[in-house]
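S.K.: Structure provided below as structure tokens; questions to follow.
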Amino acid sequence: MGPFFENVRPDSIPVERLVRPGEILARLAQYGIAIFHGLDSAPSLVALARTLGTALPHPDSDAHAVTVITEREAVAGRAFADGFSRAALAPHTDRADMLVPPGLLVNLCVVQAETGGESVFADGGAIYRLLAARAPEALQALSQPNAVAYGRSHVYAGPIFEPSGSGRRLRIRVWPPEQGRFSQAAEAALGELKLAIDAQALTIGLAAGQGYVVDNHRWLHGRRAYLGNRVMLRIGVEPHQGALLTGIPSVLQRGVQG
């Protein structure tokens, strides 16, 4: 289990009843993640999301931008079908194929799995630093403009560690390898990327009524395999203008940027 980042222990980020947007934004500015409890329905999650920014539609969401993540036989065989199964999901970022992916993800556990189903997180800043220290050539390859093209139409083509915020921050984009087309150098670096992600993986079990808001430009998220019924609600959010800077801040970057 890796740390959130240097000098911050996982248990220093408690599960709290964070119901005011200012409290959540403060946690996001400090850690990039806020874990909360006290919500119990889709309408309450929508209300929270709207205090943080604009709720963004998803191909699997309803009219209120809420995606119900649970086992669905109807989606078997299509891309990302594992998301609607009981299988484990490797840590990833959402909508990596978009020119600008949602800045925040707001997730709520409605039904806790009988066994397993814990949420898995990995801090992109820690991943970047680990690669810079242990595999700088891999980091260089993953930071090149031709590193990857994501999506069926390859809407996004660029680096996995993408400069943003006038170059002062980085936006990490990670999808399953089969969903991307990589440069030869970047493809050769995927093994080192996976090792770095695994080294930084943090597992948190969420009970019904608990959830999290995560910086989708900085943090990867996934889950462990589970048994029984499990229901999560998810909303992608673009933060209100000026409310929050997303991505990996320069203070957490060490090494080359390509």
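Please treat every number below as a calculation from the coordinates, not as lab data. What you see is a predicted model; the values in this text were computed from it and never measured. Glycine also receives a Cβ, built like all others from the backbone with ideal geometry; neighbour counts cover every protein chain displayed.
S.K.: Using label points projected 7 Å from each Cα along Cα→Cβ, tell me how many nm separate His64 and Asp198, to one decimal.
M.R.: 4.0
S.K.: Hey, another quick one. Quickly estimate the mean residue ellipticity at 222 nm for the chain, helices only: each DSSP H run with n ≥ 4 gives -39500 (n - 2.57), and the total goes over all residues, rounded to 500.
M.R.: The helix contribution divided over the chain gives -7000 deg cm²/dmol.
S.K.: Arrange Thr246, Thr115, Thr51 by Cβ neighbour counts within 10 Å, fewest through most, would you?
M.R.: In increasing order of surrounding Cβ atoms, one gets Thr115, Thr51, Thr246.
S.K.: Taking every eigenvalue of the Cα gyration tensor of the chain, multiplying by 5 and rooting it, what semi-axes result, largest first, whole Å?
M.R.: Value: 27, 21, 18 Å, ordered largest first.
S.K.: If you don't mind, another one. Karplus couplings for the range 222-236 from phi (6.51 cos²θ - 1.76 cosθ + 1.60, θ = phi - 60°), rounded to Hz, Gly and Pro as x?
M.R.: Taking θ as phi minus 60°, the curve returns x, 7, 8, 4, 8, 10, x, 7, 9, 10, 10, 10, 9, 9, x Hz for the range 222-236.
S.K.: Given labels modelled 7 Å from the Cα in the Cβ direction, how far is it in nm from Ser250 to Ala188?
M.R.: Placing both labels 7 Å beyond Cα along the Cβ direction yields 3.2 nm.
S.K.: Another one. Explain nothing, just the number: dipole magnitude of the chain about its Cα centre with +1 on each Lys and Arg Cβ and -1 on each Asp and Glu Cβ, in debye rounded to the nearest 20.
M.R.: The dipole of the chain has a size of about 360 debye.
S.K.: What is the helix-to-structure angle for 124-134, meaning the angle in degrees between its Cα long axis and the longest Cα principal axis of the chain, kept from 0 to 90 and rounded to the nearest 10?
M.R.: 30
S.K.: Hey, another quick one. Between Ala87 and Ala47, with labels modelled 7 Å along Cα→Cβ, what's the label distance in nm to one decimal, could you check?
M.R.: 3.8
S.K.: Given R₀ = 35 Å, FRET efficiency for Ala208-Met98 by Cβ-Cβ distance, to 0.05?
M.R.: The formula returns an efficiency of 0.70 here.
S.K.: Next question. Using 0.36 nm per residue of separation minus the Cα-Cα distance, give me the extension gain between Ala225 and Arg181 in nm, one decimal.
M.R.: That pair, Ala225 and Arg181, stretches by 13.2 nm at full extension.
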